[in-house]
Structure formats: structure tokens, C-alpha cells
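The next block holds one structure in the form of C-alpha cells; read it before the comments.
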Amino acid sequence: MMKETADFIFRGINSPVEQAEYTWQSPSNIALVKYWGKKGDQLPANASLSFTLSQCVTTTTVIFGKRGSDRQNLQLFLDGEEQKAFGQKAFSFLDKIRGFQPFLQDYHIQIHTKNSFPHSSGIASSASGMSALALCCMSLEKELNGNVDSDFFYEKASFLARIGSGSASRSVYSKFAMWGQHHEYANGSDLYAIQVPEKEVHKDFHTFRDTILLIDQGKKSVSSTVGHSLLDKHPFRDERYQTANNNITELKHILEKGDIEAFGNLVEQEALMLHALMMSGPESFILMKPNTLAVIEKVRNWRTETGTQLFFTLDAGANVHLLYPESAEPIVLEFIQNELIVYCEDKNYICDNVGEGPQQLMP
Ligand code: PMV
């Protein structure tokens, strides 16, 4: 049943906890139909649909220690080193979710986090990072309250992660997830993401590959927060939201049928539309680099020449995600080695695939 905001308010402490430590590993995800534009309080202007990755993960341990009347102490360590600025982000997130987890203010909180992918790779760590943190907070809620079943656990983790970063709401599920109200998904909600039922996804998509070519590992010139807000004034705004919602309908049927050609066509259109919106808005910006376009051209030509089902998508950056079925892996990896690696910064790329979702590593 679909939940309202009030359903996520904490239901009270049944067994007090003095000290606790939880570790979650949570993946990043790649959007096929993109979330770009918000409404209200961190709600999406259109529905989005992604698949969860397997190799690009954040591992986060949160240590909660009960505090007395002393001032709350919050610390964040990234790769073992304390990070004040990065910590601020995590703490403003904890502040925002306090209305739904009031018990957080009773604890000193120490966060230890690390990413499997290079910090400066241009791969957004917000989806994996915020979802890992939200899952640790949910582990404490479960221990305090006791009556938290698995469905509620992940729905609320998604709800909390969304408040930190919209795309993070989709990272708490395995395989395919969608976020946003949509007539094709009766349980779809703007407040949290849901899993696309496995039986609605053709087997060929369950093992799909995503090889991420790291084109530019520098910091993005425009953050996604600013990018979302620029949509408000965009002349194509309403058409974009309509198109994205139509693409969700189309993608649902493509996933069911296993139509890989139609899938590729749709995801490439989505990626280029995302970047076309950035370029054509009143405050125009470009996140693609010359090598992004060089790769796109090579991929399209090679596809025509060889008939291989190799497609691309982009997120809000210069890196190219190459999407292809498992069966094409040997030939695609050879193509990358021979022809695409020259476009990658320091010859770096990451081989990833549709993943199994977050994992609790401790306790
Ligand atoms: O979750 P945010 O605010 O970082 O926005 C993510 C935006 C895109 O990655 C471009 C699209 C998406 O749906 O993930």
C-alpha cells in the first residue's frame, strides 16, 4: 500500500540502545529515464527509472553512542581521514531527517565511509553515500522499535535517502528501481522509490553490463543541485516532464519484452535530452567534453558496422556509461581496449553490471 509522509514518523522506542555500530555497503545506480527537475521538498518533477550497480559502492559504518546532557558530537571520516566539509553535508542530512528519526539527537555519531571508486572519478557518490547512511540509521531504528518489517525498512530507507539526494532513493533496491508517481506503477510514489518487480524485467536485462569510461575525473562545473533548479526557468520544462513520463511507460514495456534495440534507442535519447536541457536553458552549461562526443560517435559507427548491441547513457557529467547485454561482453571489451581507451583519462574505466542491491556487513 502506498504510504504518506506521516507513515514515516518514528513509532517510539521499545528497547533502548546505549551503543550501536552498523555497517552497510550500498551501490550507486544509473538512471535510464532521468530525474532532472524538482518540485516541493525534494520531490521529483517526473518519474525516473534506473538499474542498481554492483561494483560502484560506498561502505559506511556508523557508530552511535548515547550522550548525556553534553553537546552532540558528530564526526565523519573518509578513507580514515576526518573531513569537516564533507561531514557538514552528512550532518545537514541527519538534521533534515530528524523529524522522522528524533532519536538521532540522543547520540554522538561517528561516520566512517569509503568508496570503491576513485573519489575524483566524476562518479556521483551521493546515491551510494546517502543510501548507505540512511540504511545505517534504519538499522538503529529497527533495533529501537522492533516492529520494522523488511518492506518498511527499505521503503523508509529510500524515503530518508531521497531527502539527502533524490537519486539515492533508488539505490536501496536490487536490479531495477523507479521513483515517482506514475500511472503505470500503482505503488509508485514521489516520496520513495520502489523496486520494479523482477518478473516484469526480461531475463536478458538481469545481467546487463555498464562499463563506465572515465572521460574527465575533475570536479563538475555545475552541481546537480543547481542543474535541477535551472529547470524551473527552462522553456522546454513542461515538454521534458511529459516526455520523461511517456518514456517510463515505453521503458516498462521494453523491459518486459526484452527489446534491447528499443531499450538502447530510448536510453540514448534520454541521455542526450538531459544534456540538451543543460545546454539550451537560460543559464546554459555544458558538462560533456570533446572526448564524450568522440566516444558517442565511435560507439554509433561501430554499432552500425558490427551490428553489436552497444549503447550509451550519460549522467550529469562527462563520463560515458556503455550499456550492453552480457553476451556481447567479450567483443565490447576488446573494442574498448582497442578503440575507446584513448579517450579515457589515465586509461581508466570501470566494469560494472546490474547489481543485487545494498548489503549489511555488520553486525
Ligand atoms: O540525485 P541528484 O540530485 O544527484 O540528481 C541526479 C541526477 C541524474 O543523475 C542526472 C539523473 C538521475 O536520475 O540519477
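The values are calculated or read from the model by the stated rules, or taken from the named source; none is laboratory data. Predicted model, so just to flag it, every value in this text is computed and none were measured. Backbone-built Cβ (ideal geometry, glycine too); neighbour counts: all protein chains shown. To get the accessible areas, we keep the full protein, side chains included, count just its heavy atoms, and leave off ligands, DNA and RNA. Shrake-Rupley method; radii C 1.70, N 1.55, O 1.52, S 1.80 Å.
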TODO: Determine whether segment 185-204 contains at least one residue that is β-branched (Val, Ile, Thr) and within 14 Å of the ligand (Cβ to nearest atom).
DONE: no
Open item on the list: Could you go through segment 279-293 and let me know if any residue there is among the polar types (S, T, N, Q), under 30 Å from residue 61 (Cα atoms) and in contact (Cβ under 8 Å) with a residue 12 or more places away in the chain.
Closed with: no
Task: Single condition residue 150 does not satisfy, out of (1) closer than 22 Å to residue 98 by Cβ; (2) more than 16 Å from the ligand (Cβ to nearest atom) - done: (1)
Task: Unmet requirement for residue 132, which otherwise passes all of (1) outside any loop (DSSP other than H, G, I, E, B); (2) in contact (Cβ under 8 Å) with a residue 60 or more places away in the chain; (3) closer than 21 Å to residue 228 by Cα; (4) open to solvent by less than 50 Å² (accessible area, probe 1.4 Å) - done: (3)
- [ ] Could you please give the count of residues in segment 153-173 that are of a type in the set (Gly, Ala, Ser), near the ligand (Cβ under 9 Å from one of its atoms) and closer than 21 Å to residue 198 by Cα?
- [x] 3
Open item on the list: Looking only at segment 213-231, filter to residues that are away from the ligand (no atom under 13 Å from the Cβ) and surrounded by 15 or more Cβ atoms within 10 Å (Cβ to Cβ); which one of those is farthest from residue 292 (Cα to Cα)?
Closed with: 217
Task: Whichever residue in segment 73-92 is open to solvent by 50 Å² or more (accessible area, probe 1.4 Å) and in contact (Cβ under 8 Å) with a residue 12 or more places away in the chain and, among such residues, is nearest to residue 104 (Cα to Cα) - done: 73
Task: Filter result (within 16 Å of the ligand (Cβ to nearest atom) and over 13 Å from residue 51 (Cβ atoms)) within segment 304-349 - done: 312, 314, 316, 317, 318, 319, 320
Open item on the list: Filter segment 96-129 down to the residues that are open to solvent by 10 Å² or more (accessible area, probe 1.4 Å) and among the hydroxyl-bearing types (Ser, Thr, Tyr) and list them by number.
Closed with: 113, 116, 120, 125, 126
Task: Residue satisfying all of: in segment 37-47; under 15 Å from the mean Cα position of the chain (by Cα) and either within 15 Å of residue 176 (Cβ to Cβ) or open to solvent by 10 Å² or more (accessible area, probe 1.4 Å) (or both); nearest to the ligand (Cβ to nearest atom) among these - done: 42
Task: Unique residue being touching a Phe, Trp or Tyr at 6+ places or on another chain (Cβ under 8 Å), of a type outside the set (Gly, Ala, Ser), at pLDDT 95 or above and away from the ligand (no atom under 16 Å from the Cβ) when the list is 52, 23, 59 - done: 59
Open item on the list: Condition check: more than 30 Å from residue 155 (Cβ to Cβ) and not in a strand (DSSP E or B). Does residue 356 satisfy that?
Closed with: no
TODO: Any chance you could count how many residues in segment 153-196 are aromatic (Phe, Trp, Tyr) and open to solvent by 10 Å² or more (accessible area, probe 1.4 Å)?
DONE: 4
Task: Selection from segment 138-165 of residues that are closer than 19 Å to residue 127 by Cβ and of a type outside the set (Ser, Thr, Tyr) - done: 138, 153, 155, 156, 157, 159, 160, 161, 162, 163, 164
TODO: State whether one or more residues within segment 84-91 are modelled with pLDDT of 95 or more, in the same structural domain as residue 147 (by TED's automatic domain parsing) and either small (Gly, Ala, Ser) or away from the ligand (no atom under 16 Å from the Cβ) (or both).
DONE: no
